[in-house]
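One structure below.
No lab work stands behind these numbers, since they all come straight from the coordinates. Predicted model only: the values in this text are computed from it and were never measured. Ideal geometry is used to build each Cβ from the backbone, glycine not excepted, and the neighbour counts take in all protein chains shown.
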């Protein structure tokens, strides 16, 4: 998990389990089993969570005011807006624009 958080290879839209196995100098079967047993997640689920966390962090640090949301989600590794929107809503319970609005409301009240 450390290499995913420090090097952020998931930012590459073509990042896959084979590339993660290469980074860890092991095989895809081992990586898949380790994720399922220790992380209780599938590879794609983990990658999407990391990407959404990056987008959320960029919103909280006001990157959305400097760059477009499209730039932010593609920098995080998403290729398509529809996938990004779906994953964002699954993980946060709200759309990206609702998240931004709710964060802006918190900022205004502080």
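Quick notes
- Placing pseudo-labels 7 Å out from each Cα toward the beta carbon at residue 102 and residue 14 gives an inter-label distance of 3.6 nm.
- Cα-based helix-to-principal-axis angle, 43-60 vs the chain, degrees rounded to 10: 30
- Tilt relative to the chain, helix 96-109 - C-alpha long axis, 0 to 90 degrees, to 10: 50
- Helix 81-92 axis versus longest C-alpha principal axis of the chain: approximately 90°, rounded to the nearest ten.
- When you restrict to C-alpha pairs under 8 Å that are six or more residues apart and normalise by the size of the chain, the relative contact order lands at 24 percent.
- With only the Cα atoms considered, the stretch 36-79 has a convex hull volume of 55 Å³ per residue.
- Estimated D of the stretch 5-110 in µm² per second, where Rh is the Kirkwood radius over Cα pairs and Stokes-Einstein applies at 25 °C, 0.890 mPa s: 165
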